[in-house]
Amino acid sequence: MNSKRTVRRVLALIGAALLLAAACGGDDGTAPDQTSVAAPTTTEQPTPLETPSATETPTPAEAPTATETPTPAEAPTATEVPTAVEVAPVQVIGQPLGPIGDSPDSDPAFGQPVPALSGTAIDGSPLEWTPGERPAAIVFLAHWCPACQAEVVELTNWLAEGNNLPEGVDLLSVVTLVDASRDNYPPSKWLADEGWPFPVLVDSADNEVAVAFGQAGTPFWVFAFGDGTLALRGSGRIPPEALAELFDQLLAPGDG
């Protein structure tokens, strides 16, 4: 019978060999140029009035009307450019998953609803993620973690070579455990320089998202079924080909 538990066993078999691989310890804008406004042309000076002949009583000449000073053109509003952020407040909606336990295949949170998230993307724009719309994977990354750095490079390069992950699964990344005193800071520059193509949510200063998802070591992967319940989680690097296989398993039908 092809059920969630069957899918879970396959996920666990793949994950057991991968998620326990290399991981790092868990504790450890310029606005666009404004268009220049052309300076108003100098108003032509009125031609001096001719002096009237002595026999005529001159009609007092109307004083030339003062030329209206042009109202300075309003400088065009600079297009708002989101400012990169490294940490920001975040709302975790739902029950935390709790500690992961001894291994991915005996995770006590298997089948538990995964919390929704509302916060800020790394470019400063709002970002919300709701489980249950379709299968999803979340990867937690720490900028100072060599395993995370290698994971980002490997997956980005694999995609750049023309490979693709299976369609129908969302991949969200979360930058967590941010520390300005550690290597490879800030994470916004790191991921931009690497061309990381996935949405990035920034965790709070207290790492609330990591805590809610039971993060232990980085990179930390969380996989959710299409109904928004937990399929698998664990820490360690996952090669792109194996990640694609895990995506396929998430897309496999299951009846619970």
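Read-outs: derived from the displayed coordinates by stated rules, not from any lab. Quick caveat: nothing in here was measured; it's all calculated off a predicted structure. Quick reminder, even Gly has a Cβ in these numbers, built from the backbone with ideal geometry, and neighbours come from all protein chains shown.
Data table
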quantity: Cβ-based exposure ranking for LEU246, LEU97, in which fewest neighbours within 10 Å come first; calculated: LEU97, LEU246
quantity: log₁₀ of I(q)/I(0) at q = 0.11, 0.17, 0.18 Å⁻¹ - the range 166-245, Debye sum with one point per alpha carbon; calculated: -0.33, -0.81, -0.91
quantity: Lys, Arg +1 and Asp, Glu -1 on Cβ, resulting dipole of the range 86-251 about Cα centre, debye, nearest 20; calculated: 220
quantity: Share of alpha-carbon pairs per 10 Å distance bin for the range 86-251, given as whole %; calculated: 11, 42, 39, 8, 0
quantity: Cβ crowding within 10 Å averaged over residues, with 148-159, 230-241 ranked highest first; calculated: 230-241, 148-159
quantity: Net length gained if the chain between VAL153 and THR83 were fully extended (0.36 nm per residue, minus Cα distance); calculated: 22.8 nm
quantity: Chymotrypsin sites (Phe, Trp or Tyr not before Pro) within the range 175-243: DSSP coil, no more than 16 neighbouring Cβ in 10 Å; calculated: none
